[in-house]
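The values are calculated or read from the model by the stated rules, or taken from the named source; none is laboratory data. In this text, all values refer to a predicted model and were calculated from it rather than measured experimentally. In this analysis, Cβ positions are derived from the backbone assuming ideal geometry, glycine residues included, and neighbour counts consider all displayed protein chains. For accessibility, only protein heavy atoms count, side chains too; no ligands or nucleic acids. Shrake-Rupley method; radii C 1.70, N 1.55, O 1.52, S 1.80 Å.
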Amino acid sequence: MKYTAKGEHHRNFELFDENNNSLGMIGYDGWFSMKVKITQGSSQYSIESANFWHTELEVKKGDDIAATIKFGWGGMTIDYQGKTYKFKTGMWQNKYTLSAETDHSIITLKPDFQWTKFSFNYEIETDDNYTEGKSALLILILIYCCNYMQGMAGAVAGRAV
């Protein structure tokens, strides 16, 4: 399946399916802020730090944890619906991939920077053989992870100069 996420000034991202139906939104308090709200239908989720160092985040619906995101040297680990996934980017590639234990790519996100809007859009492809690719919530979480990784890369690049 194919999806598109359209960004608006790094503050809001909306996910659309192939028929241009809205599947959910991510809302940031500020440019790539840590305070994020995800809306999917009538459900509201928040992303919050689970520890002092911000190396682990929790996606919560009220007090219930829907997913956990852990940061590491090789990318991120995402625990979602009882399964653990790897989320990473290639060294010289302009894409992010979610994979299971077999390293088979389940979901691929390709960022597309829109200079006129000074924001990112994402082209998203999923492997139809995996039900994870049909989860709008998981895809919205991955968009957040992409934004986070890009923000961290920008911060590191800025310090290196």
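A few remarks follow.
- One entry in (1) 36; (2) 46; (3) 28 is percent of Cα pairs over 24 Å apart calculated from the shown coordinates; its label is (3).
- Among Gly24, Gly72, Gly133: highest mean-square fluctuation, GNM of the chain, C-alpha pairs under 10 Å: Gly72
- Think of a 1.4 Å ball rolled over the protein heavy atoms: the chain then has 58 Å² of accessible area per residue.
- Among Phe113, Phe13, Phe87: highest mean-square fluctuation, GNM of the chain, C-alpha pairs under 10 Å: Phe113
- Taken along the Cα-to-beta-carbon direction at a fixed 7 Å, the label points for Thr116 and Lys70 span 4.4 nm.
- Our helix-only sum for the chain, with -39,500 (n - 2.57) per DSSP H run of n ≥ 4 divided by its residues, gives a mean residue ellipticity at 222 nm of -5500 deg cm²/dmol.
- Based on Cα contacts under 8 Å between residues 6+ apart, the range 65-128 shows a relative contact order of 18 percent.
- Set of lysines with alpha-carbon distance to Lys83 below 24 Å, sequence-local pairs under 8 removed: Lys2, Lys37, Lys60, Lys61, Lys70, Lys95, Lys110, Lys134
- At R0 = 22 Å, FRET efficiency that the Cβ-Cβ distance of Asp63 and Thr84 yields, to 0.05: 0.50
- Fully extending the segment from Thr55 to Asp29 would add 7.4 nm, taking 0.36 nm per residue of separation and subtracting the current Cα-Cα distance.
- In a DSSP loop and with at most 11 other Cβ atoms within 10 Å, the GluC sites (Glu not before Pro) in the range 58-152 are Glu101.
- The portion of the accessible surface of the chain made up by carbon and sulfur, rounded to a whole percent, is 52 (1.4 Å probe; DNA, RNA and ligands excluded).
- With Cα atoms defining each centre, the range 33-89 and the range 98-114 are spaced 17 Å apart in the structure.
- GNM result for the chain, Cα springs below 10 Å: residue of Gly30, Gly74, Gly82 fluctuating most strongly: Gly82
- Across the chain, the relative contact order, built from alpha-carbon pairs under 8 Å that are at least six residues apart, equals 18 percent.
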